[in-house]
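A.B. asks: The structure under discussion is supplied below as structure tokens; questions concerning it will follow.
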Amino acid sequence: MAFVGIDAIVYGATDMAQARRLFLDWGLRKVEDKRSGLVFATELGPEVVVRPDGAPGLRPKIAETCQFREVIFGVSSRAHLAQLKRELSRDRELLVDADGTLHCTDDSGVNIGLRVWRHGREKKLGVTQWNGPGNRPRVNRVGPRSEEHTS
């Protein structure tokens, strides 16, 4: 199977205003802000989705005190998704969204989803040079810093 990465993490929330503040303060970009829920994107594209408690289609809690609802993995192709659907349907109930996303519960009780990866490939970034014990690649050069914290 060609798993690409985590496509989305889904949470429920009893206080949507607090959830909005949390993920904006965390530095995520808001993509959608509707009564039906919030969607935030990471720098690479995968999303954090927050739906109000009791929203239609929101997967059940895995524990009473936990608002995590589901992790959705991206796979590389429709063929891989179809193969996973065949394999998983042998021993568990599958729900399929209109967009083809598969939903089920894994053997440990965690709600998982699978869909064709919707985001671009990870951008190759330069390596940040940090000095540490036995490793000093940044000699006689100022270390990187956030412009936000230099004033």
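The values are calculated or read from the model by the stated rules, or taken from the named source; none is laboratory data. All of these numbers come straight from a predicted model, not from anything done at the bench. Using ideal geometry, Cβ is built from the backbone for each residue, glycine included, and neighbour counts are taken over all protein chains shown. SASA here: full protein model, heavy atoms, side chains in, ligands and nucleic acids out. Shrake-Rupley method; radii C 1.70, N 1.55, O 1.52, S 1.80 Å.
A.B. asks: Do the conditions hold for Arg90, that is, is it in a helix (DSSP H, G or I) and free of Cβ contacts under 8 Å to residues at least 40 places away in the same chain?
C.D. replies: no
A.B. asks: Considering only residues of segment 91-110 that are modelled with pLDDT of 95 or more and among the hydroxyl-bearing types (Ser, Thr, Tyr), which is nearest to the chain's Cα centre (by Cα)?
C.D. replies: Filtering first and then ranking leaves Thr101.
A.B. asks: Then there is this: Working carefully through the options Val39, Val31, find the one that is at pLDDT 95 or above, in contact with a strand residue (DSSP E or B) (Cβ under 8 Å, 6 or more places away or on another chain) and open to solvent by less than 20 Å² (accessible area, probe 1.4 Å).
C.D. replies: Exactly one residue qualifies, and that residue is Val39.
A.B. asks: If you don't mind, another one. Tell me which residues, restricted to segment 29-49, are under 18 Å from Asp15 (Cα atoms) and not in a strand (DSSP E or B).
C.D. replies: Of everything in segment 29-49, those that are under 18 Å from Asp15 (Cα atoms) and not in a strand (DSSP E or B) turn out to be Arg35, Ser36.
A.B. asks: Would you confirm whether or not segment 50-62 contains a residue that is basic (Lys, Arg) and touching a helix residue (DSSP H, G or I) at 6+ places or on another chain (Cβ under 8 Å)?
C.D. replies: No, segment 50-62 contains no residue that is basic (Lys, Arg) and touching a helix residue (DSSP H, G or I) at 6+ places or on another chain (Cβ under 8 Å).
A.B. asks: Specify the residue that is modelled with the highest pLDDT; the eligible residues are those in segment 111-134 that are open to solvent by 100 Å² or more (accessible area, probe 1.4 Å) and of a type in the set (D, E, K, R).
C.D. replies: Arg118
A.B. asks: Scan segment 1-28 residue by residue and report those that are touching a residue at least 60 places away in the same chain (Cβ under 8 Å), among the hydrophobic types (A, V, I, L, M, F, W, C) and either open to solvent by less than 70 Å² (accessible area, probe 1.4 Å) or over 30 Å from Leu88 (Cβ atoms) (or both).
C.D. replies: Passing the criteria: Ala2, Val4, Ala8, Ile9, Val10.
A.B. asks: Can you work out which of the residues in segment 49-76 that are surrounded by 13 or more Cβ atoms within 10 Å (Cβ to Cβ) and polar (S, T, N, Q) is farthest from Leu102 (Cα to Cα)?
C.D. replies: The qualifying residue farthest from Leu102 (Cα to Cα) is Gln67.
A.B. asks: Among Val75, Val110, which is the only one that is touching a helix residue (DSSP H, G or I) at 6+ places or on another chain (Cβ under 8 Å) and of a type outside the set (Ser, Thr, Tyr)?
C.D. replies: Val75
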